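What follows is a single structure, written as structure tokens, with notes after it.
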Amino acid sequence: MYSGLSLDQAPPISVVMRFFLTIPLFGIALSLLLIFNPNDVLTQAHPMSLAAIHLMFLGVITMAMIGALFQMQSVLGGRSIPAARGNAFLIHLFLVIGAISLASAFSFMLPVLFVIASVFLGASLLYASSLILPLLFGGITNDTLRGMRMALIALSITAILGIVMASEYANETFSPLHEALRASHYSLGLIGWVSLLIIAVAFQVVEMFYVTAPYSTWCKRNAFRIIAVSLFVKIVWLFLSLPFVWIFDLVIGALLFGFIVTTLKRLQQRKRRVSDVSIWFWKTGIVLLGSAVLVHGVFLWSGNSALESMALIAYALFALAIILAMMGKIVPFLVWFHLSSSGYMETPIMSNIIPQTRTRALFWLFLLSASGLLSGVVWSELLVLGALASLGTFLLLLFNLIVALRLYRHTLLHGTRFDTVLS
């Protein structure tokens, strides 16, 4: 299953787990924000809405993706990240401070917090990109690594645009290009960073984990190019205030829909038919992405702002579903791999590190949360119920991660190594 992977280049488990353990904490904060401010969160451009968006896309999604990149770049690219522990510590610390500062800045509209957020988020995201991006060139190359390159470039530009916008909020003055900045920031962050990285990861893990037919060569080679060109031209269109900018959204939407149909078909026709909760998350996430694309298309046609909110929520839930699917695979593997590679005899079976009963409970809580949050766009009372289910989802996720890490540490302290027995 793991042929072609450079597992010996994997970073220490603490590098990845520090990011993963922070995800549910931001998710809990986001859920509480939704519970106590449902109407404000649903109001377009309201500070609480912007706080919720950045808690989700920085504190949950980007936190997960950067943590996963530390692992995946090393094992796929075959080149270890230099001083992985120290660099991960700084990037994680700056990202936590920056995300908290930005959410607080929108919540309380304090200019100084926008300055703090821009400094720490800029340092974290640009530092992460500058650290990982060079390692993706000059060595092993494949379609997943190419997608990672483009995603990190998009993240860097997203961060720069975010710093510019934060300075506008700090000075309480907005340039005539503010709307173009905002639209470019969102497009690069949502599509260039999140979608590109998830598609790149899917090309590798869907085939590897679930034993499916490979994606077509045309799809792997051209998906990233089409998205990159469409985003570049769209941004130029926005800054030149040219008409029909929605055409580029339709092009990107059509490509995403092709990815949706292809991925669902491969998951449905997979050769390994063993029941796996992570497949439920993948299928649900892909359906949510399809819903986001369709609802956004209707929004472009009708201009109904409620549909825009629904599309954004569906898209965020899509990313979260894929993250939960990946964490359900990565965390047990990390515990097993680092213990077995250290020579411990009592290495637990991966399926026992996070039992299926808890992963199923996590899935049903997520599904309940998704149903409530999407319905909450129409009925705010349901948004609160969805947020309560979301709170349960993140609490259970935190519990699963803590128990897995405790099992790892218990084995380190009390387990028996092969070299001890042989000596």
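Largest first and to the nearest Å, give the Cα extent of the range 341-383 along each principal axis.
55, 18, 10
So what is Rg over Rh here for the range 146-294, counting just Cα atoms and using Kirkwood for Rh?
1.05
Nothing charged except the Cβ atoms of Lys and Arg (+1) and of Asp and Glu (-1): what's the magnitude of the dipole of the range 267-333 about its Cα centre? Round to the nearest 20 debye.
Value, rounded to 20: 500 debye.
Can you return the lysines within cross-link range of LYS265? Criterion is Cα-Cα under 25 Å, with same-chain partners fewer than 8 residues away left out.
LYS220, LYS283, LYS329
What is the P(r) of the range 1-134, as percent of Cα-Cα pairs per 10 Å bin from 0?
That works out to 13, 39, 28, 14, 5, 0, in percent per bin.
Tell me, in nm to one decimal, what length is gained between VAL229 and LEU267 on full extension, where the rule is 0.36 nm per residue of separation less the Cα-Cα distance?
10.8 nm is the gain from fully extending VAL229 to LEU267.
Within the set of other residues whose C-beta is less than 15 Å from the C-beta of ARG225, count the net charge using Lys and Arg as +1 and Asp and Glu as -1.
+4
Just tell me which aspartates and glutamates come within less than 13 Å, Cα to Cα, of LYS234; anything on the same chain fewer than 8 places away is out.
The qualifying aspartates and glutamates are ASP249.
Per residue, what volume in Å³ does the Cα convex hull of the range 104-187 take up?
94
Relative contact order of the range 98-176: what whole-number percent is it, with Cα pairs under 8 angstrom and at least 6 residues apart?
Relative contact order here is 38 percent.
Return one number: the angle in degrees, 0 to 90 and rounded to the nearest 10, between the long axis of the Cα atoms of helix 111-132 and the longest principal axis of the Cα atoms of the chain.
Approximately 50 degrees, to the nearest ten.
Any idea what the relative contact order of the chain is, in percent, if you count C-alpha pairs under 8 Å spaced at least 6 apart?
Computed value for the chain: 16 percent relative contact order.
Find the eigenvalues of the gyration tensor of the Cα atoms of the range 281-423, then list the square roots of 5 times those eigenvalues as equivalent ellipsoid semi-axes, largest first, in whole angstrom.
42, 15, 9
Starting with the highest mean, order 228-235, 319-326, 149-156 by the number of other Cβ atoms within 10 Å, averaged over the residues of each peptide.
319-326, 149-156, 228-235
Taking 8 Å as the Cα distance limit and 6 or more residues as the minimum spacing, I'd like the relative contact order of the range 243-376 as a percentage.
24
Determine the sum of side-chain charges near LEU324: Lys and Arg each +1, Asp and Glu each -1, restricted to other residues whose C-beta is under 15 angstrom from that of LEU324.
Result for the neighbourhood of LEU324: +3.
Using only alpha-carbon positions, what ratio does the radius of gyration of the range 143-227 give when scaled by 2.2 N^0.38 Å?
1.38
Kirkwood hydrodynamic radius, the range 43-103, all distinct C-alpha pairs: what's the number in Å?
After inverting the mean inverse Cα-Cα distance, the result is 12.9 Å.
Using every alpha carbon pair in the range 191-269, what percent of pairs falls into each 5 Å bin from 0 up to the bin containing the largest distance?
For the range 191-269, the pair-distance distribution reads 3, 14, 24, 22, 14, 10, 6, 4, 2, 0.
Which aspartates and glutamates have a Cα less than 16 Å from the Cα of LYS271, not counting those fewer than 8 places away in the same chain?
The reachable aspartates and glutamates, counting only those whose Cα sits under 16 Å from LYS271, are GLU207.
Based on C-alpha coordinates, I'd like the Rg and Dmax of the range 216-361, in Å.
Considering the range 216-361 through its Cα atoms, Rg and Dmax are 19.8, 65 Å.
The numbers here are math on the coordinates, done by the rules we state, and not lab data. For clarity, every value in this text was computed on a predicted model and none was experimentally measured. Ideal geometry is used to build each Cβ from the backbone, glycine not excepted, and the neighbour counts take in all protein chains shown.
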